[in-house]
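Reading through the structure tokens given below for one structure.
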Amino acid sequence: MPLNAQIVPEIANVTQRIIERSRPTREAYLARIADAAEQGPARAHLSCGNQAHAYAAMGDDQATLADGRAPNIGIVTAYNDMLSAHKPYEHYPDIIREVAHQNGATAQVAGGVPAMCDGVTQGQTGMELSLFSRDTIALSASIAMSHNCYDAALYMGICDKIVPGLIMATAAFGHVPTVFVPAGPMTTGISNDEKSKARQKFATGEITRRELMDSEMKAYHGQGTCTFYGTANSNQMLMEVMGLHLPGASFVNPGTDLRDALTREAAKRALQITAFGNEYTPAGAILDEKAFVNGIVGLMATGGSTNLVLHLPAMARAAGILLDLEDFSEISDVVPLLAKVYPNGLADVNHFHAAGGLSYLIGELLDAGLLHEDVKTVAGEGLSLYTKEPKLRDGVLTFEEPERESVNDMILRPASDPFQKSGGLKELRGNLGRGVMKVSAVKPEHHVVEAKARIFHDQHDVKKAFQAGEFTEDTVVVVRFQGPRANGMPELHSLTPTLAVLQDRGLKVALVTDGRMSGASGKVPACIHVSPEAVTGGPIAKLKDGDLVRVDAISGTLEVLEEGFEARETVTADLSANKVGMGRELFETFRQNAGPATEGACSLF
């Protein structure tokens, strides 16, 4: 695979290393999807009985489907009423069918996938199912596509685990052309900073629960993705930078004419790139090493969610590509931070989009030689297509070159004048293992914390200790036995207000955990995803209260500064309470087979 001569040497070197590391698995993957593609349109190989079952509910489309001379789109949807981001999908299948009919084709809802809301389950038992919902989504989408009736696929999903799970299924059916269809963010409510301050005031008892509820309802008030730059919106950035969305599709609000036009165009484009036409573009060809490097670059340039450091290796493995934490860290070192969106700044994604959005950011990164331009996308050849913006002109959708300038340099800056010269994430490693920190939202004075450790095996015990006034000095809070094999690796975002209060009181405080934090976390330095995890005997299981721990995001180290530490015995924890209730008993197989966080914490491979 030739590398773009315009790419900066550091990005080229990381890309080449990934190519070499992945060569055996990638070659086997490509051979597999090439074999599937050579068999031609799937329906040609189904028996008459198979086909009759597949078309029985399709009414007037039955004859077209049986004839087999026009493409059939499979729709995989994560629609439900629980996620504001996914509510707009309710009527998308009707839009897609209409477009298919206008072009002499057909479309069917192939199946639905579960989609839980981490905002509902934060700090609750259900959060212990969250990570493995990704693997469940991959399995569910694969079941939908296994009917083998589809010449293209449209995937409708946005939030935290949904997009990664759908990508894993997309890779499994990599011979099928695929377009991801977003729904966009909700309109702006109260500022994220105001919301965060209300949470901190509640943690200290300054406001009542009713006042907190009023604040939250003003923040989350309508259909669409939550407006902060957490995992859901990082996913949307990723799909655009990796060429799986249409250009400019990520951050157009639901319920607008432009949003509907983009959904129609996604269906039309899916029909154009099937094997029936002259632009056959299988998803597996888009999901190559360069696309994943581009995704990591986008993550760093925008200060995206740490959850993607967990998900991208799992997504890549599904396409035969092996990513490592060192790839993220080395890319972060050379990619400047161009965006300031909450929790990295005060703006939300609507402000980011209005300031120039992804078309501006992609153009800047391409000009700086930080993105691979020579890639396949659902829009065609070359990532430069994604420097264009969608516009409605007299009801007709066009993609136009915008003026290349940021409307607000407090939100979005050129690569020549970034917010900071390096990206948003940092790998930390040392005698406690390997972890990652989102540094883009952490003030420089908090990048290094050296303090005595307080050890906890439950996030709720941290809150109890805070309420009891036990944190009176600089502290490294260690919350262990929170990894994928222990309890499903729940997000510990509900700790953010508590730890932020301590930091605001002038204490040096850091979090070290083998668990996760939300993509909305960031103010407090947190070394997360520590691997090996405690339950597998990782060094974090040797820590004791009072141990001096150094968390250093400048040098990239995670160390316990105690003599004889390596010789200690590891402790164990009673995890029986994490195995039953809220469906957790059904996920024991996932926990037992989950890989390390450094490889995506996946139970499927």
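The values are calculated or read from the model by the stated rules, or taken from the named source; none is laboratory data. Note that the coordinates shown come from a computational prediction; the quantities given were computed from them, not determined experimentally. Methodologically, a virtual Cβ is constructed for each residue, glycine included, from the backbone with ideal geometry; neighbour enumeration extends over all protein chains shown. Side chains are part of the model used for accessible areas, which takes the heavy atoms of the whole protein and leaves out ligands, DNA and RNA. Shrake-Rupley method; radii C 1.70, N 1.55, O 1.52, S 1.80 Å.
Between the C-alpha center of the stretch 61-112 and that of the stretch 326-342 there is a gap of 37 Å.
So which GluC sites (Glu not before Pro) in the stretch 546-577 pass both tests, a DSSP loop state and at most 12 other Cβ atoms within 10 Å of the Cβ?
Values: sites: E559, E562, E563, E566, E569; in loops: E562, E563, E569.
Those satisfying the criteria are E563, E569.
Bridge orientation summary for the stretch 406-528: considering DSSP beta bridges with both residues in this region, about 35 percent are antiparallel. Using the Cβ-Cβ distance between F276 and A57 with R0 set to 25 Å, the FRET efficiency from 1/(1 + (r/R0)^6) comes to roughly 0.60. Between the stretch 404-436 and the stretch 542-605, the C-alpha centres lie 27 angstrom from each other.
Given Cβ point charges of +1 (Lys, Arg) and -1 (Asp, Glu) and nothing else, what value in debye, to the nearest 20, does the dipole of the chain about its Cα centre take?
Working: 54 positive and 73 negative charges, 164 e Å.
Around 780 debye, computed over the chain.
Applying 0.36 nm per residue to the separation of M82 and L561 and subtracting their alpha-carbon distance, the gain on full extension is 167.8 nm. For the cross-link pairs K340/K452; K268/K388; K197/K438; K438/K579, which exceed 28 Å when the distance is taken from alpha carbon to alpha carbon? Result: K340/K452; K438/K579 exceed 28 Å.
Counting pairwise Cα distances across the stretch 109-192, what percent come out greater than 19 angstrom?
Values: 1494 of 3486 pairs.
Every Cα pair in the stretch 109-192 considered, those over 19 Å come to 43 percent.
For the chain, the longest principal axis of the Cα atoms and the long axis of helix 162-172 meet at an angle of about 50 degrees.
Only one residue of F605, L575, N253 has its Cα farthest out toward the positive end of the dipole of the chain, where Lys and Arg carry +1 and Asp and Glu -1 on Cβ, and that residue is L575. Taking the Cα centre of the stretch 146-260 as reference, the dipole from Cβ charges on Lys and Arg (+1) and Asp and Glu (-1) amounts to some 360 debye. Approximating the spin labels as points 7 Å out from Cα along Cα→Cβ, the D409-to-E381 distance works out to 3.8 nm. Backbone amide hydrogens, once placed in the peptide plane, bring V109 within less than 5 Å of I75, excluding anything fewer than 5 places away on its chain. Here the stretch 482-576 is assigned +1 on the Cβ of each Lys and Arg and -1 on the Cβ of each Asp and Glu. Its dipole about the Cα centre then comes out at about 320 debye. Straight-line cross-link partners of K391 among the aspartates and glutamates, defined as a Cα under 13 Å from its Cα and at least 8 positions apart when in the same chain: D257, D260, E265, E400, E401.
For the stretch 110-123, backbone phi angles converted through the Karplus equation (6.51, -1.76, 1.60; θ = phi - 60°) give residue-by-residue couplings of 6, x, x, 10, x, 8, 8, 9, 5, x, 7, 9, 3, x Hz, Gly and Pro being listed as x.
At a threshold of 8 angstrom on Cα-Cα distance, excluding pairs fewer than six apart, so keeping six or more, what relative contact order does the stretch 125-171 reach in percent? Please report the intermediate quantities before stating the final value.
On the way: 26 pairs, mean separation 26.5, N = 47.
It comes to 56 percent, rounded to a whole number.
Please give the FRET efficiency for Y220 paired with E588, using the beta carbon to beta carbon distance and R0 = 35 Å, rounded to the nearest 0.05. The calculated FRET efficiency here is 0.60.
A probe of 1.4 angstrom, applied to the heavy atoms of all protein chains, finds F587 with accessible area near 40 square angstrom. Projecting label points 7 angstrom from Cα along Cα→Cβ for L575 and L258 puts them 4.7 nm apart. What the phi angles of the stretch 346-356 give under the Karplus curve with 6.51, -1.76 and 1.60, with θ = phi - 60°, is a coupling list of 8, 6, 10, 5, 5, 5, 4, 4, 5, 6, x Hz, glycine and proline written as x.
Annotation note: trypsin sites (Lys or Arg not before Pro) in the stretch 1-95 located in DSSP loop regions with a Cβ neighbour count of at most 16 within 10 Å are R69. Here's how it looks for V375: its modeled amide H is under 5 Å from those of G382, L383, which are all 5 or more places away or on a different chain.
What is the Å³ per residue value for the convex hull set by the Cα atoms of the stretch 309-468?
Numbers: hull volume 32.2 nm³, N = 160.
Cα convex hull per residue, to the nearest whole number: 201 Å³.
Taken as Cα centroids, the stretch 6-22 and the stretch 120-170 sit 30 Å apart, rounded to the nearest whole angstrom.
Let me check against my output: what whole-number percent is the relative contact order of the stretch 219-274, with C-alpha pairs under 8 Å and at least 6 apart? Intermediate results must be reported in sequence, preceding the final value.
Values: 25 pairs, mean separation 11.8, N = 56.
This gives 21 percent for the stretch 219-274.
Once backbone amide H atoms are built at 1.01 Å from N, A526 has K438, L511 as its partners under 5 Å, excluding neighbours fewer than 5 places away on the same chain. For the chain, find the longest principal axis of its Cα atoms and tell me its angle to the long axis of helix 357-367, 0 to 90°, nearest 10. Helix 357-367 sits roughly 90 degrees off the main axis of the chain. Volume per residue of the convex hull around the Cα atoms, evaluated for the stretch 506-551, comes out as 86 Å³. Note on the chain: antiparallel DSSP beta bridges, both residues inside, total approximately 45 percent of the bridges counted. Karplus-based coupling profile of the stretch 54-67, in residue order and whole Hz: 5, 9, 4, 9, 9, x, 5, 7, 4, 5, 5, 5, 5, 5, with θ = phi - 60° in 6.51 cos²θ - 1.76 cosθ + 1.60 and x standing for Gly or Pro. Panel values: the chain, Kirkwood radius from alpha carbon pairs, Stokes-Einstein at 20 °C and 1.002 mPa s, translational diffusion coefficient 87 µm²/s.
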